[in-house]
Structure formats: C-alpha cells, structure tokens
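The values are calculated or read from the model by the stated rules, or taken from the named source; none is laboratory data. Quantities reported herein were computed from a predicted structural model and do not represent experimental measurements. Here the Cβ positions follow ideal geometry from the backbone for every residue, glycine too, while neighbour counts run over all protein chains shown. The accessibility values were calculated without ligands, DNA or RNA, using every heavy atom of the protein model including side chains. Shrake-Rupley method; radii C 1.70, N 1.55, O 1.52, S 1.80 Å.
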Amino acid sequence: MNEKALKTLEFYKIIEQLTTYASTPLGKEMCQKLIPMEDISAIRQAQKETSDALARILQRGSVSFSGVKDIRDSLLRLQVGASIGIVELLHISSLLKVAARVKTYGRRENDEETQDSLDERFNAIEPLTPLNREIERCIISEEEIADDASPALKNIRRSMRVASDKIHTQLNSIVNSSRSLLQDAVITMRNGRYCVPVKQENKSQIPGMIHDQSSSGSTVFVEPMAVVKLNNEIRELEIKEQKEIEAILARLSNEAAQYMEPLRDNLNILSELDFIFAKATLSRHYTGSEPVFNTNGYIRIKKGRHPLLPKKAVVPIDIWLGDSFDLLIVTGPNTGGKTVSLKTVGLFTLMGQAGLHIPAFDGSQLSVFTEVYADIGDEQSIEQSLSTFSSHMTNIVKILEKADSNSLVLFDELGAGTDPTEGAALAIAILSFLHNMKVRTMATTHYSELKIFALSTEGVENASCEFDVETLRPTYRLLIGIPGKSNAFAISSKLGLPSFIIDEAKKHINSEAESFEDVISNLEAARITIEKEQAEIARYKQESAQLKKQLEEKQEKLDSQKERILNKARQEAQDILQNAKDFADETIRIINKQTAGGNINKILEAERSKLRGKLDENSSNLSLKPKKTLKKAPKAAELKIGDAVRVLSLNLKGTVSTLPNAKGDLFVQMGILRSQVNVNDIELIQEDTVTGVGMEGKKQRSNTSKIKMSKSSYVSPEVNLIGMTVDEGLAVLDKYLDDAYLAHLSQVRVVHGRGTGALRNGVHNHLRKLKYVKSFRLGNFGEGDTGVTIVEFK
C-alpha cells in the first residue's frame, strides 16, 4: 500500500490505538509495523486469529502478557557461552512466569471443546518450571542473591556475620572506654571498613589507620589497630562472596543456555499472542466484527461506523459498491458526512486487509485490493507554489498512471478549486476513464453535471447525504440511489434571506437545472413516504407475529388441558369399571355360597337391589353437572378495596387488596395467600348475610353482629409492621387484632420481618397477654419463615 493513502485515511491513528493494547516490547513492535496485506489467505488467517482471540476474551476474560521482557540480547550472549547477570536472569524468570500463566489460560477444560487457530500457539508454550524455580530460589531481587543459592555462599556469609559481630564487639569496647576522645559514640564505615569518629586533637591517643576526616577537619575517622585484622578478614570474605556469586550466575547461565530454543520460542509465541489479543481488544473496544473477504471487488458495509469518531455521536451507514455499479458519486451539503463516508470505505479496507476487525455489523463484505488511492483534503502546498487545484491534479495524475482493476480509488470534491464548468467536465472525463478500466471508485462532488452523468451512465450510481431542511442539520445518513440536492435556496430562506432575493436567484438558473432539482425533490419526497410506509408495514408484521405466537401458545395450552382432561376421564372410567367388576364378583360369590340354602329368591332380590343402588350411584357420578353461567368480569372502576371476589382460575374466594393498575392487574388476599390476578379472572360475589327466623330472630340480632359484618367486608388477613418501632408496631397490631377478631377471621398473619428480633419479641409478648388469642407460631416454609407470625383466634 502507498504511504500517502495510509496517512490520508488515518490508518496510523488506528495503529496508535492498537499499540496501546499491547503489553510486550515485541508485541508493540508488531503493532507498529502492521500494514495491509494482499494475500487473501493470509488476510483470512489473520482475521480468524483476531476472532478466536475475541471469543476467548468474551468467554474467559482478558489475559495479561505484562512481564514479558525482550531477552534477545541475553540469548545471544548465552549462545556464545557468556554468563549473564542478575537482571537478565530475572527477565528470563519473568518471561517463564508469563508463559505458565498464558498456557493455563489457553488450556482447554475438556477435549470435546472445539479447537481454534490459537491452540497450536498455546500448546507450543513451554513454561520450563524447573529452570524458573531454580532462578527464583537463587535470586531474591536485582541486588541480592539468596544465601541458599549455594553451600559455599552460605558459609561465606556466615563467616562475614561472625567477623562483623567481633568487630562490633571490639569497637563497642573502644567507644565505651574512650568516649571522651570521640566526637560521637558511634561506629561508622569509611571505604568499606569499620571506623570510629575521633576528635582531631585526640587522634594520636587511639592507634590505628586514618581513612577520612570531616569537612571541617575537627573529626578524623580512625580504624583502630584492634580491628584491622578483622576488617581485612571481612574484605577477603567479600571478595570470596563476589566470586561465589559469579559462579552461581555462571551456573544459572549454563542451565538457561540448555533451553535457548524453548526460551526463544516462548518469547516469539507470547509476543505474537500479545499482538493478536491486542487486535481482539481493539475489536471489542470498537464493537467490531470480522468482515467477509472476496476478490471480486465487491464491498458491502452494514451499519459501518468510522472508528475515530465518538461512538455515541457517529451515525452508522450502509455502503455497497462493485456489484451492479463500480462507480459511486456522492453529493450533498457541506458537513453532511460525504468525506466521512469516503474515509470509512477506505479505512475499513485497510483495517480489514491488516487483519483488524471493522466496526460494522456481522456479514459485512470487503474486497482485497492491491492498492488504495485517496485524494482527500486540502492539498495546497506553499513550499511548492501549488494551488489547491494544482495539488489535487498532481495527485490525480499519479493515481491515473498507477490505478488498475485491482485498485480502490477515492476522490473528495473532484474537480473543485477551478471554474465549475471546466471542473465538472474534467471530473466526468476522469471518472469515465476509471469506469472504463473497471476501477472501483467513489467520489464526492457538488456538481449537478456529475449527478446527470451518474443517472445516464450504466454502472454508475448516485448517492447523497441526507439533510433536514427544517432543522438545517444533516442527518449523516447515506442514501444510495438518490442524487443529493444542494438545498441552497431552502437553507437561505430558513436563515432569513429575503424572498425577493431568492426569487431573483432562481431566475438565473436555466429551466433544465430547475427541472432536474424538482425531480430530485420529488424523488426525495417519494423516498420519505416509502420509508414511512415500510416502517409501518414492519410494525404491522411484528404485531402479527406477536399475535400468531400468542395464538399458538393459547392453542398449545388448550391441547394440553384437553389431553389432561381426557386422561382423567379415562382413569375415572377405568375405576368405575373396576368397581363394577369387583362388585359383580362379590355378588356372584355370595350367591354361590348361599345357593345351598333354601331361601335363594330372597337372596337374589337383595343382591339385585344392591346392584341397582350401585348403578344409580355411578350414574349420578357420571352425569354432567349443569354449567354455571359465568358472570361478566367487573370493570376496574367498579372495584373497591375490600370487595369480595372469586378468583376463577383458582376457584378461591378472597378480598380485593389493591385497585387494578393500567393493565388491569390487582392483588387479591385469599386466606394466607396473596396473589396478583387480572380483572378478567375475577367475579364479584355477595357475602352471606345474617338472617333471623321471624321477628324474634330480628330482635335478637345485636349491635355486635352488625359490627362484625361490617368489619368482615374490609379487614385484611395480614398486617405489615416492617419498618416500625416496637411501640408503633404494637399500637397498630392491637387495633388490627381487635378488628380481625370482630370480623370472625379464624387466623391472621403478622409480618414483622427478621431484623434484630426486637419487633418479633415485642409482638410475641403482646400476644401472650390477649385472652382471645388461642395460639400463635412462627411461619413455616412458604409462609414467610421467621419473618411472620401466624395467629389463631379462639
């Protein structure tokens, strides 16, 4: 690919974003060197790897490659037999830790899982656990080797500690006995040897070697003669320690040298995987998908979004090119999205051929091009004394020299920057030349001549960027098949330009141009109408599909109920036949037993009567009961809280707890069961009224019974105390229990919640004091457990 196209289409900005997702030095290097490929097999393989990595991220989460160091220089030194240092060995250890982590991430849980294009790389990773453990055992940090790295090092350091302790003992004795001669009662180090700070005037009184003096000259640092030998011993031990460390590093280097090839392979594989997973992470960031590639020059982008525009602001576009037409001319107002559409096609092509996913819907198609040429933006060059038109034309000349049928050419504002008539003529000639060469071309323009050229030339198609005249804003939708309208007069009128000026301007447009604009306006109006009708048809289709689904579900439910009823009827018939058979057998047995007696007729008559009675009983069981006339479901406005109703689907009586919502759903309390039902599933019922026998009964009816009747019409079988203090809850509970008792409720449910238990204990203590409470208990499973108390009245 030519460098100019990569720069013009902002491919390198995509590469910069990609590089930020890589963790390893070599992975970042691969990202920075990524360029579009021309081999379709290599492109498909790269796309497959990106898709497989993305699938793994979505299924298992991301994997970290942080810790992979570039050990190529270390491997070269090992190759020639050199010893490497502590830092380089730690880099090898870090690489092996990442190798172990990544291999675990890539391991399949079972052999039945489908293999992907990355399994071979994951399987080729060798963590080299023994080598890594040995490095970790011997090296603690970049500055420290472990004492246990070798027995000799351990003995040397033990001897150093013993000698150091002896020195400190000697020096502490000198400090304590000669405190007046010292500047400070401390032990210090100078040039790697232990010293004491002696006053300048007293230096002769402490025999030893002077190693340093203070900047003022008042203090000299003396190594007493008593510790010179011990200091020399420590110095010798330090030399031995350094030699032993070098031996340890040489041993570790030799061990690492035995695994040079696996180490090199691990470095390359981890870097490649880091690069591939960086592409997958970029795809997830863009919500990208794998494009389908072809070599036929066919492009089909579904809901494509330019990756460098904000995700929330960009408007997805549909673009196709290369099937029924190979030249697409895009027209429309400025800032309407023409250039973005142009760049989207070019950038998607470059990204796809580089193995990157594109931010578009699944099933988008791209073609493999050997070259992408782009003439976009202001090409004015002050240094070369070229105008905008000259710069563009220079670039166009180069494109025309190199473009062929395997090229994609993109022109922005072709022919602009010069006389409109000549510019339009040049643009038509250039596009005709490329069209005759079967070059896939996309160009933007304001020239009406190019719109007519597209309408009159086979294999050339118009497109436009939609503009809302009412809001004076572009919608950024790309409409293929419809030429764009300039909308200059409409926009000017909206902005307040006097109408007489606009009318005068219209006089300067020839009739052909005016009629062409009118045709475009009519096409636009027809398009908007068709789109509205299509949207309405789609909505009707969706509603029809939903109704069909509901009917199918209802039919399936009816079939299931029918089968269940038939099975039950068959079982009942079988039971009746079995009972009849058993009864007949018993009757025959009795007759046979009593035949020996003389009263056979009386016995037969008695058994015949029993059999007739049994048949009558079975007939009554089998007779169809008259169907109840279903009452019409009450209207939502007719219902009040406390109304007595019957839930038809459950055949249970209850009281209305809440009024119906907009959907007609309400809550009904049926004993301890509180359920949400629809208003169509209930019917109003009349509560049994208390009636006396004659006038005497009426006189005996007391005021208490009237209270009980009125209470029973609205008292709920449940009270909720959650959120109340103990005092508040007991006040509410006391009144509620009185009402429930007067309403003849045999059992109620007190909801107090679990919480700290204070409210529950207060409720239980209060219930123990009430005479009309028969018993109470905590709720069982399904009743609310320990969060409720069930109370029974006497």
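Listing for the model above:
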read-out: Extreme residue, nearest to D727 (Cα to Cα), among residues of region 762-794 that are open to solvent by 30 Å² or more (accessible area, probe 1.4 Å) and among the polar types (S, T, N, Q); value: N765
read-out: Residue match in region 177-200 (condition: modelled with pLDDT under 85, surrounded by 15 or more Cβ atoms within 10 Å (Cβ to Cβ) and small (G, A, S)); value: yes
read-out: From T344, T339, residue being farther than 14 Å from E413 by Cβ and either hydroxyl-bearing (S, T, Y) or touching a strand residue (DSSP E or B) at 6+ places or on another chain (Cβ under 8 Å) (or both); value: T344
read-out: Some residue of region 206-223 being in a helix (DSSP H, G or I) and open to solvent by 90 Å² or more (accessible area, probe 1.4 Å); value: no
read-out: Residue that is in contact with a Lys or Arg (Cβ under 7 Å, 6 or more places away or on another chain), surrounded by fewer than 22 Cβ atoms within 10 Å (Cβ to Cβ) and polar (S, T, N, Q), where the choices are S405, S448; value: S405
read-out: Condition met for F275 (more than 36 Å from the chain's Cα centre (by Cα) and surrounded by 17 or more Cβ atoms within 10 Å (Cβ to Cβ)); value: no
read-out: Pick from region 292-339, criterion at pLDDT below 90 and small (G, A, S), ranking: farthest from G363 (Cα to Cα); value: G332
read-out: Any hit, region 431-441, residues being open to solvent by 60 Å² or more (accessible area, probe 1.4 Å) and either among the aliphatic types (A, V, I, L, M) or on the phi > 0 side of the Ramachandran plot (or both); value: yes
read-out: Meets criteria (assigned to a strand (DSSP E or B), at pLDDT 85 or above and among the small types (G, A, S)) for A463; value: yes
read-out: Only one of A152, A124 that is small (G, A, S), open to solvent by 40 Å² or more (accessible area, probe 1.4 Å), modelled with pLDDT of 90 or more and more than 30 Å from N231 (Cα to Cα); value: A124
read-out: Per-region count, region 643-668, residues of a type in the set (K, R) and under 19 Å from S716 (Cα atoms); value: 2
read-out: Cβ pairs under 9 Å, 6+ apart, first in region 204-227 and farther than 15 Å from V175 by Cβ and of a type in the set (D, E), second in a loop (DSSP other than H, G, I, E, B) and open to solvent by 90 Å² or more (accessible area, probe 1.4 Å); value: D212/N191
read-out: Answer residue from region 725-744, given it is open to solvent by 60 Å² or more (accessible area, probe 1.4 Å) and part of a loop (DSSP other than H, G, I, E, B) and is nearest to T756 (Cα to Cα) among those; value: T725
read-out: Single condition D559 does not satisfy, out of (1) modelled with pLDDT of 80 or more; (2) open to solvent by 100 Å² or more (accessible area, probe 1.4 Å); (3) not basic (K, R); value: (2)
read-out: Every residue from region 65-81 that is surrounded by 14 or more Cβ atoms within 10 Å (Cβ to Cβ) and closer than 19 Å to D274 by Cα; value: F65, G67, V68, K69, D70, I71
read-out: So I672, is it surrounded by 13 or more Cβ atoms within 10 Å (Cβ to Cβ) and at pLDDT below 85; value: yes
read-out: Extreme residue, nearest to N2 (Cα to Cα), among residues of region 15-70 that are over 28 Å from the mean Cα position of the chain (by Cα) and charged (D, E, K, R); value: E38
read-out: Inter-residue pairs, beta-carbon under 8 Å, first in contact (Cβ under 8 Å) with a residue 12 or more places away in the chain and in region 79-90, second assigned to a loop (DSSP other than H, G, I, E, B) and charged (D, E, K, R), 6+ apart; value: I86/E142; I86/E143; V87/E142; L90/E142
read-out: Qualifying residue in region 477-496 (condition: among the β-branched types (V, I, T), over 30 Å from I329 (Cα atoms), within 37 Å of the chain's Cα centre (by Cα) and modelled with pLDDT of 80 or more); value: no
read-out: All positions within region 510-530 that are at pLDDT 65 or above and open to solvent by 60 Å² or more (accessible area, probe 1.4 Å); value: I528, T529, I530
read-out: Check on R564, within 30 Å of M442 (Cα to Cα), open to solvent by 70 Å² or more (accessible area, probe 1.4 Å) and at pLDDT 70 or above; value: no
read-out: Residues satisfying the stated conditions in region 159-174, i.e. open to solvent by 30 Å² or more (accessible area, probe 1.4 Å), among the β-branched types (V, I, T) and within 18 Å of K240 (Cβ to Cβ); value: V162
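Results for (1) in a loop (DSSP other than H, G, I, E, B); (2) at pLDDT 80 or above; (3) among the acidic types (D, E), shown as yes or no for each residue.
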{"site": "R608", "(1), (2), (3)": "no, no, no"}
{"site": "N618", "(1), (2), (3)": "no, no, no"}
{"site": "A633", "(1), (2), (3)": "yes, no, no"}
{"site": "T658", "(1), (2), (3)": "yes, yes, no"}
{"site": "N661", "(1), (2), (3)": "yes, yes, no"}
